[in-house]
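Structure first, commentary second.
No value in this document is a laboratory result; all are computed from the given coordinates. Computed from a predicted structure; not experimentally measured. Virtual Cβ from ideal backbone geometry, glycine too; neighbours counted across all protein chains shown.
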Amino acid sequence: MNHDVSTRSSAPSPAPTHPTWQRLGLSLPALIVSCQAVPDGPFDTPPFIRAFALAALQSGAQGLRLEGVENVRTVRADCDCPIIGIVKRDLADSPVRITPFVHDVQALAEAGATVIAVDATDRVRPQPVAELLAAIHAAGCLAMADISTLEEARAAQALGFDVIGTTMSGYTGGPVPEGPDLVLVQQVAALGVATLAEGRLNSPQAAADAVRCGAQAVVVGSAISRPEYITSWYRQAVDAAAAAGSSAQPGAPVLALDIGGTKTLVARVENGVITHELQFPTQRGEHPDQWLAQALAVTQGWPGGWTHVAAAVTGVVGDDGLWTAFNPQTLDFPPYPLVQRLREVFGVPALALNDAQAAAWGEARCGAGQGDDLMFVTVSTGIGAGLVLDSRLRRGPAGIAGHLGQWRDDAGHRLEDIASGSALGRQAVQAGWPGGAPELVERARHGEPAAQALLQAGVDALAQALARVQLLLDVPTLVLGGGLGLAPGYAPLLEAALAQRLGPHAPQVRPAALGAHAGILGAALCPLN
């Protein structure tokens, strides 16, 4: 089924007469601001939360989402707007963090919350969701279910939750996606429930897209109320733009696509700077023609045009422009004449390359590896790599250079099946941790021996493969990216494992600087031959 999440008029529109929103007195679509500080950061006190909340309301927010009983009580003293209250707890025996106990519900209600949100995901929890729901309604509050899947949304609807939010999508196992889950927003809205989009709505465009997909209200948090995050985004963007401006030859705009196993990012790039971008899910089982058609549809109306199109894709692209799947578990499709079809669909010259190769070139031109030969390694859903040697991106005539995840050990096990985020996530679930790889990393970071052992085994497998590459190529810099590669504590483990194998000859490990835009920028900056 094709869940089209472009901005066309076919998306469901908000229902202005839903009784939940009437009870809350909200005009639709509603903007709700989540005022939650970085834990233990300089703004993590009730007076600062109050200041953020009042500033948001003065600027057009209609409601707030607040964490912590004292924060709710402090803000409620100065405003009468709807407040979604939550309590976050880190539990040893459950991955559920959001309002896990009935006494949390009661305390939030007494503090003045209008709506109380709970984690309603299908995971091991200290108290049943139904008990939390009953306590919320008994306290005279509306109940919000934070869900991660359509099945969980249906279950919450059947139980009688007043609001259903997409808050938990991407946070219940495996690498965290870069963008919002607009497909889930669209699916939940189709149920006819009060739908609130939440999670990674980090730009005004993303919030608008969520509304076009049927959300009657959106919650925006970090992009408004966490200066630490916002500053880092701007710092990275400014550094990347400055580097691209100084190192890249001035040129006409490029339409760049990054087609991955779970999402597709489309952007217009001019002189190394992204001027427009949009993301949509890559629907598994569809023909690649459908992905290109959707990319064409969502870019209609973008101003300025482009002289050529460049695609970064998971899999292999040979010199003949043929795109094939190397690991069908990541994305499966028949051999596809990608470069030819790009030319035909977009009507301009085209190039295509592997996404890790593109990311390596992006980091070399305007990211963490400027001026150096480098190996870029992404540890995420899968494992990929790209090589820049003598200031040239090495692809190989067959296009397989850098496919590190496909290496096999002496027993025939593929590295990607041992050390990737997906592999570690499966091992975590087997160990009884339903939160998958994120929970495994968190448990390891807090010193749990079993989690540390599983994570170390994955790191050791990757380090063994990287040590062999280093002995062949002697690359000075290893740029590490991906959801798992950039997880707290992962890079030091890899550095130590490489030092154990290579001593002083180990490469310097640097975190990737371009994030989700590395492939887009690398493809756009790649010369059109």
task: Would you order ILE230, ILE49, ILE418 from fewest to most other beta-carbon atoms within 10 Å of each residue's own beta-carbon?
output: ILE230, ILE418, ILE49
- prompt: So what are region 54-159's ellipsoid semi-axes, whole angstrom, largest first, if each one is the square root of 5 times an eigenvalue of the alpha-carbon gyration tensor?
  reply: 24, 15, 13
task: Indicate the gyration tensor shape class of region 377-512 (rounded, prolate or oblate), computed on the Cα atoms with a ≥ b ≥ c the square roots of the eigenvalues: a/c under 1.5 is rounded; otherwise a/b larger than b/c is prolate and the rest oblate.
output: prolate
field: Whether region 308-380 is rounded, prolate or oblate, judged on the alpha carbon gyration tensor where a/c under 1.5 counts as rounded
entry: oblate
- line: Per its Cα gyration tensor (rounded if a/c is under 1.5, else prolate when a/b beats b/c, else oblate), region 336-456 is best filed as prolate
message: Need the C-alpha centroid separation for region 453-529 versus region 425-444, integer Å.
response: 22
- request: Grab the Cα-Cα distance for HIS103 and HIS413, subtract it from 0.36 nm times how many residues apart they are, and report the gain in nm with one decimal.
  value: 106.8 nm
- request: Kindly give Rg over Rh for region 19-225, based on alpha-carbon atoms, with the Kirkwood expression for the hydrodynamic radius.
  value: 0.92
message: How charged is the neighbourhood of ALA145? Take every other residue with its Cβ under 10 Å from the Cβ of ALA145, and add Lys/Arg as +1 and Asp/Glu as -1.
response: -4
Net charge contributed by nearby residues that have their C-beta within less than 9 Å of ILE520 (K/R +1, D/E -1): -2
field: Translational diffusion of the chain, µm² s⁻¹ [Kirkwood Rh, Cα pairs; Stokes-Einstein; 25 °C; 0.890 mPa s]
entry: 101
statement: Fewest to most Cβ atoms within 10 Å: ILE98, ILE116 sort as ILE98, ILE116
statement: Taking Rh as the Kirkwood radius computed over alpha-carbon pairs of region 257-367 and applying Stokes-Einstein at 37 °C with viscosity 0.692 mPa s, one gets a diffusion coefficient in µm² s⁻¹ of 230
- prompt: For THR166, THR195, what's the fewest-to-most ordering of other Cβ within 10 Å of each Cβ?
  reply: THR195, THR166
statement: Simple spin-label estimate for ASP90/LEU54, 7 Å along Cα→Cβ, in nm, reads 3.2
statement: For region 19-225, averaging the sequence separation of alpha carbon pairs under 8 Å that lie six or more residues apart and dividing by its residue count, the contact order in percent is 19
query: Which whole-Hz ³J(HN,Hα) couplings does region 475-481 yield from phi under the Karplus relation 6.51 cos²θ - 1.76 cosθ + 1.60, θ = phi - 60°, glycine and proline marked x?
result: 8, x, 10, 10, 9, 9, x
